[in-house]
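A short write-up of the structure that comes next.
Just so it is clear, none of the values below were taken in a lab; they were calculated from the coordinates. Predicted model, so just to flag it, every value in this text is computed and none were measured. Cβ: placed from backbone, ideal geometry, glycine included. Neighbour counts: every protein chain shown.
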Amino acid sequence: MCGIVGYVGAKEAGPILIEGLRRLEYRGYDSAGLAVISPEGRLGTVKEAGKIAQLEGILDEGMPPGTCGIAHTRWATHGAPNRLNAHPHWSQGRDIALVHNGIIENAEVIRSKLSDLGYIFETQTDTEAVVHLIDEAFQENSTLEDAVLTALRQVEGAYGLAVVSSRDPGKIVVARKGSPLLIGIGKNGENLVGSDASAVIQHTKEVVYLDDGDCAVLTAEGYRVFHIEEGNVQRSVHQIEWDLEAAEKGGYEHFMLKEICEQPESIRNVMRGRLLEETGDVRLGGITLSDEELAGIRRIVITACGTSWHAALIGEYMLEELTGIPVEVEYASEFRYRSPVLEDGTLVLAISQSGETADTLAALEEARARGASTMGIVNTVGSSIARKTDFGIYLHAGPEIGVASTKAFTSQIVALALFTLYLGRRRHLSILQGRELVAALRALPDQVAQTLALGPLTKELAVVYGDAQNFLYLGRGYQFPVALEGALKLKEVSYIHAEGYPAAEMKHGPIALIDDDMPVVALAPRDSVYAKVVSNIEEVKARSGRILAVVSGDAPELIGKVDHLIEVPHTVPALLPVLTSIPLQLLAYHAAIHRNRDVDQPRNLAKSVTVE
Ligand code: M6R
């Protein structure tokens with residue numbers, strides 16, 4: 001995820017900005033850059049792909065000394081991770097520099113309008129549209145803040161941004177909508193801006209969190225906050241209680257917990273600018289096939305590993321139910337070594353958070369060699385899988401640092417739902433069915449936020465059950481892959497042995513294991529197989545099993561039959577896995593804490609398995 005830091009004061013800005021960038025490194029990035037304005041109003045910028053150390057190495061080349069500047073770490077969303085696309089972006093006259101987090105949804109519209117006015121675009125980023133827009137707005141405004149305001153009134157999407165200009169030096173103008181930003185109030189005639197507290201905490205613990213719609217002007221003397229619609233506003237000053245190390249994790253104890261809690265936002269990001277309520281459809285810029293080519297897809301093979309493979313199984317249920325296209329899901333490690341039959345009309349879809357998993361990459365190459373058309377659902381922009389597929393969908397979930405995949409999993413499910421809708425609406429899925437799914441997707445981030453309130457309950461359950469040697473996870477239909485994923489999460493971070501099983505298969509073998517030493521997590525949201533799962537739960541109860549049931553809404557049928565009810569909000573069956581997987585992530589996390597495990601870097605595991 002991108003990071004922003006800015007400084008205005010009496011000290012040399014360059015080293016402070018570099019230090020701030022280092023504090024943001026934990027968020028993950030592929031390139032970095034900074035812009036500094038000298039007291040005489042000369043704007044200097046440097047940016048580079050790769051690590052901050054490389055940027056530091058070239059800092060002195062052509063950089064004027066200055067006491068006001070902005071800096072950025074980029075995690076690519078639009079355009080490859082290279083020097084050109086790195087931030088800051090500048091105006092044609094090189095007198096305005098801007099850094100931006102978020103996604104500008106109407107960047108194409110702005111680009112085409114400004115191109116008609118003679119603006120030349122050098123990068124593939126959405127951000128460049130905003131800096132040219134500010135440049136254009138400067139024609140009718142005399143201050144940087146007024147030019148920024150005029151420009152932002154034409155911008156749709158999410159942003160946290162910081163701008164400096166040699167036309168109005170000695171100040172940083174910042175704005176926030178949907179992407180966090182805070183002001184750090186310095187002590188000795190200096191002020192800072194950061195996308196999170198870790199960027200400023202070395203200089204100050206007094207911060208002002210900006211709200212959506214807020215802009216601010218920072219100078220060495222002070223700061224002023226104003227709202228894009230309401231004019232000047234007062235925002236309270238907060239005291240940061242964390243130390244530096246905790247600040248990197250946004251105040252959370254572990255990356256895994258931080259990433260679990262980020263899911264309302266990561267799910268918003270995968271849908272941003274893609275939902276079309278009116279037509280019950282989605283806009284997917286990355287799907288470059290014509291409607292005719294899409295109509296030619298007769299079979300889909302999804303290939304992936306680990307958690308991404310579990311998301312693929314959920315995709316199989318969705319795609320078959322809502323598009324009627326036959327789907328198979330293959331472990332990438334198996335697919336690559338057999339002789340898969342890929343007849344004409346087969347689409348091979350690779351799912352991967354990192355985009356670098358060796359087996360998935362090799363499966364993709366096998367599919368390409370056999371002439372199949374290939375698609376990727378990938379989080380990491382510019383990764384090998386993203387580059388080697390013919391087209392695809394990015395997750396925009398931000399970097400996932402905890403080894404156990406959490407937010408990427410739920411974003412993968414949502415991306416699969418978007419693709420299902422896209423294909424379905426170009427086949428037989430009606431506008432009404434489309435609208436129902438779009439409405440459910442729209443409601444999902446808030447429902448995820450509500451589900452996160454299960455934190456304290458899952459923590460208590462982790463204490464009660466965290467010493468068990470084995471766990472069984474049961475689910476049917478859409479919830480079977482969730483059972484597999486719940487078991488994998490628990491295994492990975494707590495080292496408790498766990499099995500995921502289709503609930504009805506239990507009586508064909510695993511039922512022999514059930515006793516009161518083996519907790520059973522039963523996924524029982526109110527979907528088409530609810531009554532069947534209730535019967536399976538009764539079978540467990542009859543054998544003295546201890547049951548934790550995940551339900552959606554009320555479940556009176558289960559009262560007295562299970563030991564604990566874990567209630568998530570209800571939604572359409574295809575999206576229920578997003579909600580039911582969250583308490584399982586939390587349970588795994590708290591069980592790992594209870595057992596004193598290294599949650600973010602469990603033994604023997606790597607975040608990205610780039611070897612066979
Ligand atoms: O980066 P990928 O999605 O391709 O990674 C696939 C698996 O290695 C990954 O999901 C792994 O299973 C995680 N540790 C699960 O938490």
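Which shape class, rounded, prolate or oblate, goes with the range 410-497 when its Cα gyration tensor gives a ≥ b ≥ c as root eigenvalues, a/c under 1.5 marks rounded, and past that a/b bigger than b/c marks prolate?
Prolate is the answer for the range 410-497, as a/c is 1.5 or above and a/b outweighs b/c.
In whole Å and largest first, what semi-axes does the C-alpha gyration tensor of the chain yield when each eigenvalue is scaled by 5 and square-rooted?
44, 28, 22
What does the charge dipole of the chain about its Cα centre add up to, to the nearest 20 debye, if the Cβ of each Lys and Arg holds +1 and the Cβ of each Asp and Glu holds -1?
Here the chain has a charge dipole of around 460 debye.
Quote the relative contact order of the chain in percent (integer), defining contacts as alpha-carbon pairs under 8 Å separated by 6+ residues.
Reported as a whole number, the value is 11 percent.
Can you bin the range 255-429 into rounded, prolate or oblate? Criterion: square roots of the alpha carbon gyration tensor eigenvalues sorted a ≥ b ≥ c, rounded for a/c under 1.5, prolate for a/b above b/c, oblate for the rest.
oblate
Would you grab the residues whose amide H sits under 5 Å from the one on Tyr29? Only those 5+ places off in sequence or on another chain, please, with H modelled 1.01 Å from N.
Excluding prolines and chain starts, which carry no amide H, there are no hits.
Evaluate the charge dipole of the range 191-242 about its Cα centre and quote only its size in Debye, nearest 20, assuming +1 on the Cβ of each Lys and Arg and -1 on the Cβ of each Asp and Glu.
220
Rounded to the nearest 20 Debye, what is the dipole magnitude of the range 454-594 about its Cα centre when Lys and Arg each give +1 and Asp and Glu each give -1 at the C-beta?
Roughly 180 debye, rounded to the nearest 20.
Apply the Kirkwood formula to the range 110-172: the hydrodynamic radius equals the inverse of the mean of 1/r over all pairs of different alpha-carbon atoms; give it in Å with one decimal.
12.2
Over all directions, what mean area does the Cα convex hull of the range 454-594 project, stated in square nanometres?
7.1
Across the Cα atoms of the range 564-612, what radius of gyration and what greatest pairwise Cα-Cα distance (Dmax) are found, in Å?
Reported Rg and Dmax, both Å: 15.0, 41.
Considering only C-alpha atoms, what is the centroid distance from the range 486-538 to the range 101-154, in Å?
54
Under 14 Å from the Cβ of Arg235, count the other residues' Cβ atoms, weight Lys and Arg +1, Asp and Glu -1, and hand me the total.
-3
Kirkwood hydrodynamic radius (Cα pairs, Å) of the range 163-224?
Taking the inverse mean of 1/r over all distinct Cα pairs, the range 163-224 comes out at 11.8 Å.
With each label point set 7 Å from Cα along the Cα-Cβ vector, what nm distance links Arg427 and Glu12?
6.3
When the scattering of the range 211-351 is computed by the Debye formula from its Cα atoms alone, each counted once and equally, what is log10 I(q)/I(0) at q = 0.09, 0.14, 0.15 Å⁻¹?
So the normalised log intensities work out to -0.56, -0.93, -0.99.
If you find the alpha carbon centre of the range 9-61 and of the range 167-228, how far apart are they in angstrom?
Rounded to whole Å, the Cα centres lie 17 Å apart.
Provide the gained length on full extension for the span Gln154 to Glu436, in nm with one decimal, where the gain is 0.36 nm per separating residue minus the Cα-Cα distance.
That pair, Gln154 and Glu436, stretches by 98.5 nm at full extension.
Treating cross-link reach as a plain straight distance, find the lysines whose alpha-carbon is under 22 Å from the alpha-carbon of Lys11, omitting any fewer than eight places away in the same chain.
Within the straight-line cut-off, Lys11 pairs with Lys47, Lys171, Lys187, Lys205.
From the helices alone, meaning DSSP H stretches of at least four residues, give me the mean residue ellipticity at 222 nm for the chain, per-run term -39500 (n - 2.57), in deg cm²/dmol to the nearest 500.
So the calculated ellipticity at 222 nm is -10500 deg cm²/dmol.
What number, in nm² with one decimal, is the all-direction average of the projected area of the convex hull of the alpha-carbon atoms of the range 3-240?
Projected area, direction-averaged: 11.2 nm².
Work out how much length Ser290 to Asn596 would gain on full extension: take 0.36 nm times their residue separation and subtract the Cα-Cα distance, in nm to one decimal.
104.9 nm
Over the C-alpha atoms of the range 380-441, what are the Rg and the largest Cα-to-Cα span, Dmax, in Å?
Rg then Dmax for the range 380-441, in Å: 14.2, 40.
Where a Cα-Cα gap under 21 Å defines reach, which lysines qualify for Lys507, not counting those fewer than 8 residues away within the same chain?
Lys532, Lys541, Lys561
Where Lys and Arg each count +1 and Asp and Glu each count -1, what net charge lies around Leu144 among other residues with Cβ under 9 Å from its Cβ?
Local net charge: -1.
What is the Cα centroid distance between the range 315-340 and the range 402-421, reported in whole angstrom?
Using only Cα atoms, the two centres lie 16 Å from each other.
Along the principal axes of its C-alpha atoms, what lengths does the range 486-541 span, in descending order and rounded to whole Å?
Taking max minus min along each principal axis of the Cα atoms, the range 486-541 gives 32, 24, 18 Å.
Along the charge dipole of the chain, which of Val99, Gly376, Val200 sits closest to the positive end, that is, farthest toward it, with unit charges on the beta carbon of Lys, Arg, Asp and Glu (+1, +1, -1, -1)?
Ranked along the dipole, the leading option is Gly376.
Dividing the alpha-carbon radius of gyration of the range 160-271 by 2.2 N^0.38 Å (N being the number of residues), what value is obtained?
Relative to the rule-of-thumb radius for its length, the range 160-271 sits at 1.13.
Order these peptides, 301-308, 258-265, by their mean beta-carbon neighbour count within 10 angstrom, highest first.
Result, highest mean first: 301-308, 258-265.
Can you give the % of DSSP beta bridges in the chain that are antiparallel, to the nearest 5?
60
Pairs Lys51/Lys607; Lys258/Lys491; Lys177/Lys459: which are spaced more than 24 Å apart, C-alpha to C-alpha?
Long pairs (Cα-Cα over 24 Å): Lys177/Lys459.
Using only the alpha-carbon atoms, how far is helix 455-465 inclined from the longest principal axis of the chain? Give it as 0 to 90 degrees, nearest 10.
So the helix axis and the longest Cα principal axis differ by about 40 degrees.
So what's the angle, to the nearest 10 degrees on a 0 to 90 scale, between helix 530-541 and the longest Cα principal axis of the chain?
70
Quick one: order Thr458, Thr357 by neighbouring beta-carbon count within 10 Å, fewest to most.
Lowest count first: Thr458, Thr357.
With the dipole of the range 252-322 worked out from charges on the C-beta (+1 for Lys and Arg, -1 for Asp and Glu) around the Cα centre, which of Tyr252, Leu319, Ser266 lies farthest toward the positive end?
Of Tyr252, Leu319, Ser266, it is Tyr252.
For a distance above 22 Å, tell me the whole-number percent of Cα pairs in the range 1-119 that qualify.
Above the 22 Å cut-off, the range 1-119 has 33 percent of its Cα pairs.
Rounded if a/c is under 1.5, else prolate if a/b beats b/c, else oblate: with a ≥ b ≥ c from the C-alpha gyration tensor eigenvalues square-rooted, which is the range 446-500?
The shape class here is oblate.
Roughly what angle does helix 407-425 make with the longest principal axis of the chain, taking Cα atoms, 0 to 90 degrees, to the nearest 10?
80
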